[in-house]
Amino acid sequence: MLIAGLGALPLVAQQDPMYTHFTFNKVLYNPAYAGASGQFCLNAITHQQWLGYDDETPYIKTQSGLPVSDNIARNIAPKTTGAGFTAPLRMKLKGNTIDIGGVYAGFISDQIAYENNTYMKFGLAGAYNLSSGANVRLGVDFTSLTKELDGQGLRYHDPGDPLIPTGTSADTRVTMGLGAYYSDPNIMGGAWGSLSMTHLMPQTFAYGPSGAIQITTARHLYLAGGVRMDNFMGNPSMTLDPAFKIRTVMGKGGLVKPELDLQGIANWNELFAGGLNLRSYGTGLDALSVILGYYPPLLGNAAGQQKLRVGYSYDITVSNLVRNSFGTHEVQVNYCFMISLPERPEIIYRHPRWMEHSPEID
């Protein structure tokens, strides 16, 4: 990676990780979804983007003529790994258990070339149940974000440039996100909508000697939604889940080119799933994704107390990057379960003052 003359100007661009299985990772971009499933859920994902996208700087001549560092990596495409846990919050009111929100915690490692971004997330959501059965949720999260740059992999143009880091440089800041989530079981087989923003308060990270390289987080805006269509193609065993997601960045010059995902996943008997996802960036197509899913039957799941899903997607690059990319692989695992606490036994207290007595005494 050839770097020269970056100076101390802040850089702003799309920075949040990207997922093809966005309908199964709502909490990673909207904290309001925490607890919305009504179950305790664990999820994990790994996203290997643009396989074969290698660092070509070994073939670029430098003024110094020095040999290329042995630390230069071959594949420098983004690699994302994440995991999260969500839990519902409930309260008993007049003998009924009601949904009041949820909490979640998550971890994401997002590596892009010689930069690694580590997200430690914690969020809280509050819920309000409408009389129609719909649910409105508001959420907030706080993220400890660490940006680390491995300067040993950089190839400098001029030897000894004091603005280019020669070792590992890192900086940590806390960012904040907000979100709203709406679900209504009465619309078709169920509908949902999501609106959220990450990095609400932009933070500037400084790399290198005296903070010579600066990167500022940008506000990312997400709008997503979907419905569930039962009896797909006239088959009561089939359902279709169409969904969309729009992601854009709010910079000083306004909104950047939006990224749009259009997705449709068919499900058979809650056992096998398959579908397509079309992604565009601005006015051009970026990728066509094939999505597969499998719900392994679990023992003790007769009452729907737990569910496991394993998903895989392959993104076929259709943009100009197709000349340098072998596509993108993504693996997603979701496991949801219930924790049933034993009912608190009713304690009966007996005392001579309140023992049964003859009505004639009154």
**Study point:** Inter-probe distance in nm under a simple model that places probes 7 Å from Cα toward Cβ, at L200 and Y294
**Key:** 4.2 nm
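Working out 0.36 nm times the residue gap between Y312 and A44, then minus their Cα-Cα distance, what length gain in nm do you get to one decimal? Can you show the working numbers first?
Numbers: separation 268, 0.36 × 268 = 96.48 nm, distance 1.20 nm.
This chain segment gains 95.3 nm when fully extended.
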Check your understanding: Taking the stretch 106-228, how much of its Cα-Cα pair set, in percent, is spaced more than 17 angstrom apart?
Key -> 67 percent
Review point. Taking H as built 1.01 Å from N, whose amide H comes closer than 5 Å to the amide H of Q203, not counting residues under 5 places away?
Key: T217
Review point. So which lysines pass the test for K257, namely a Cα distance under 16 Å, with those fewer than 8 places away in the same chain ruled out?
Key: K245
Check your understanding: Want the number for M338 to T283: 0.36 nm per residue separation, take away the alpha-carbon distance, what's left?
Key -> 15.4 nm
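Please compute the length gained on full extension between W268 and S144, using 0.36 nm multiplied by the number of residues separating them and subtracting their Cα-Cα distance. Each step should come with its number before you reach the end.
On the way: separation 124, 0.36 × 124 = 44.64 nm, distance 4.00 nm.
This chain segment gains 40.6 nm when fully extended.
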Review point. Ordered by residue, what ³J(HN,Hα) values in Hz, to whole numbers, does the stretch 126-140 give under the Karplus form 6.51 cos²θ - 1.76 cosθ + 1.60, where θ = phi - 60° and Gly and Pro are x?
Key: x, 10, 9, 9, 7, 5, 6, x, 6, 9, 10, 10, 10, x, 9
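Bear in mind that the values in this text are calculations on the coordinates, not laboratory data. Bear in mind that the values here come from a model prediction, so they are computed numbers and not experimental data. Backbone-built Cβ (ideal geometry, glycine too); neighbour counts: all protein chains shown.
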